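Have a look at the structure below, then the notes.
The values are calculated or read from the model by the stated rules, or taken from the named source; none is laboratory data. Just so you know, these numbers come straight off a predicted model, no measurement behind them. Methodologically, a virtual Cβ is constructed for each residue, glycine included, from the backbone with ideal geometry; neighbour enumeration extends over all protein chains shown.
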Ligand code: GLU
């Protein structure tokens, strides 16, 4: 299959590793490299793309600011170093993107934010709103509160989860190597870069496992793990070198890299997940007007709901059925059962008055809704 073109992607997550951002000798941010990357991001942004950044570097930067000695840090030391480093990191991103008139918005996530459905929906709507406002979310793990058992630890997998959560169509991992090789390139002069991986087979995984140093072994392994998360979630991924200036411009110009292709797109992958793997916790019965709106691709608003059954929490899967009691679809509901019952049949201004807060406009957002063909449920 041919290599995709960068210009065809709409929502792009760019992951930047600590070793690219921070010069470990000087202990300082590599500012001219970062300014060049920010210029690349600004170019994508001004071309109408939505860009998200997953940036590592909090621990490395904190370490240098605090002048900590070399060597492994204890858990509480890394957490405390991250607290110092993250402030510096946020400021740097805000400055380099601000130089192009772009607002950066910091989001610190933990494993639970991406794994628990309710929190997942919250993080996702915040990201969506920032993108709506044309800001660039700058995301890192919340290293200061994430302890060993509940932590990603590596931003490759974190970036992949963020990319699928944000329904991004492309994840770019900027690395110290320009892609996946058939064998360790440092030791094997015949090693070939693989330009396109159509699916992550056992053979591909074995190549990652045999990469050069201890460091890059772990590095390529987590990148392949990230590739699995991204491609099953409908997001293409690519690994490219971040060691050059203007790395994104190089990719756009057809530079060396490895693409990991997904057969799906983020919305269909997500919808398959909703349709297939979630146990519905309740049922929303909706009126004929809402049935027609849903079939036309709209979201489900509280006004169209006539009856709420079951005990469900925000983010749970529910069945949606028409006035004739036939299932027409399934979706992730944005309110828990009690609130859903209180606001059913009400218009949006009433909803705010009833709940005392202005909640979400939709009962189920269209991206979280799977509608079956007319006359049959989505499972048929
Ligand atoms: N979240 C960590 C940091 O900002 C980095 C994890 C990684 O390097 O992948 O320091």
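Which residue out of 37, 97, 89 is within 15 Å of the ligand (Cβ to nearest atom), more than 30 Å from residue 274 (Cβ to Cβ) and either in a helix (DSSP H, G or I) or out of contact with any strand residue (DSSP E or B) (no Cβ under 7 Å at 6 or more places or on another chain) (or both)? Break it down into steps so the answer makes sense when it comes.
On the way: 37 fails: within 15 Å of the ligand (Cβ to nearest atom); 97 fails: within 15 Å of the ligand (Cβ to nearest atom).
Result: 89 is the single residue among 37, 97, 89 that is within 15 Å of the ligand (Cβ to nearest atom), more than 30 Å from residue 274 (Cβ to Cβ) and either in a helix (DSSP H, G or I) or out of contact with any strand residue (DSSP E or B) (no Cβ under 7 Å at 6 or more places or on another chain) (or both).
Return only the number of the condition from (1) part of a loop (DSSP other than H, G, I, E, B); (2) over 24 Å from residue 258 (Cβ atoms) that residue 3 does not satisfy.
(2)
Can you name the number of the only condition in (1) assigned to a helix (DSSP H, G or I); (2) modelled with pLDDT under 90; (3) more than 16 Å from the ligand (Cβ to nearest atom); (4) within 25 Å of residue 38 (Cβ to Cβ) that residue 167 fails?
Result: residue 167 passes all but (1).
Given the structure, is residue 44 more than 15 Å from the ligand (Cβ to nearest atom), in contact (Cβ under 8 Å) with a residue 12 or more places away in the chain, touching a strand residue (DSSP E or B) at 6+ places or on another chain (Cβ under 8 Å) and not in a strand (DSSP E or B)? Steps first, answer last, please.
Values: more than 15 Å from the ligand (Cβ to nearest atom): yes; in contact (Cβ under 8 Å) with a residue 12 or more places away in the chain: yes; touching a strand residue (DSSP E or B) at 6+ places or on another chain (Cβ under 8 Å): yes; not in a strand (DSSP E or B): yes.
Considered against the rule, which asks whether it is more than 15 Å from the ligand (Cβ to nearest atom), in contact (Cβ under 8 Å) with a residue 12 or more places away in the chain, touching a strand residue (DSSP E or B) at 6+ places or on another chain (Cβ under 8 Å) and not in a strand (DSSP E or B), residue 44 comes out as yes.
Could you count how many residues in the stretch 178-204 are without any contact (Cβ under 8 Å) to a residue 60 or more places away in the chain, surrounded by 15 or more Cβ atoms within 10 Å (Cβ to Cβ) and not in a loop (DSSP other than H, G, I, E, B)?
Adding up the residues that qualify gives 2.
Could you please find all residues in the stretch 49-78 being at pLDDT 95 or above and part of a loop (DSSP other than H, G, I, E, B)? Don't jump to the end; show me each part of the working.
So the first thing to find is which residues in the stretch 49-78 are at pLDDT 95 or above, and the list is 49-55.
Correct list: 49 only.
Restricting attention to the stretch 74-112, which residues are within 18 Å of the chain's Cα centre (by Cα) and crowded, with 20+ Cβ neighbours inside 10 Å? Break it down into steps so the answer makes sense when it comes.
Our first condition is that a residue be within 18 Å of the chain's Cα centre (by Cα); within the stretch 74-112, this holds for 104-112.
Matches in the stretch 74-112: 104, 105, 109, 110.
Can you tell me which of (1) within 21 Å of residue 11 (Cβ to Cβ); (2) out of contact with any strand residue (DSSP E or B) (no Cβ under 7 Å at 6 or more places or on another chain); (3) part of a helix (DSSP H, G or I) is the one residue 297 doesn't meet?
Going through (1) within 21 Å of residue 11 (Cβ to Cβ); (2) out of contact with any strand residue (DSSP E or B) (no Cβ under 7 Å at 6 or more places or on another chain); (3) part of a helix (DSSP H, G or I) one by one, residue 297 breaks only (3).
Please tell me if residue 81 is in a helix (DSSP H, G or I), free of Cβ contacts under 8 Å to residues at least 24 places away in the same chain and within 12 Å of the ligand (Cβ to nearest atom). Talk me through it step by step, then tell me what you get.
Values: in a helix (DSSP H, G or I): yes; free of Cβ contacts under 8 Å to residues at least 24 places away in the same chain: yes; within 12 Å of the ligand (Cβ to nearest atom): yes.
Taking the combined requirement at face value, the residue satisfies it.
So, in the stretch 300-336, exactly how many residues are farther than 26 Å from residue 122 by Cα and assigned to a loop (DSSP other than H, G, I, E, B)?
5
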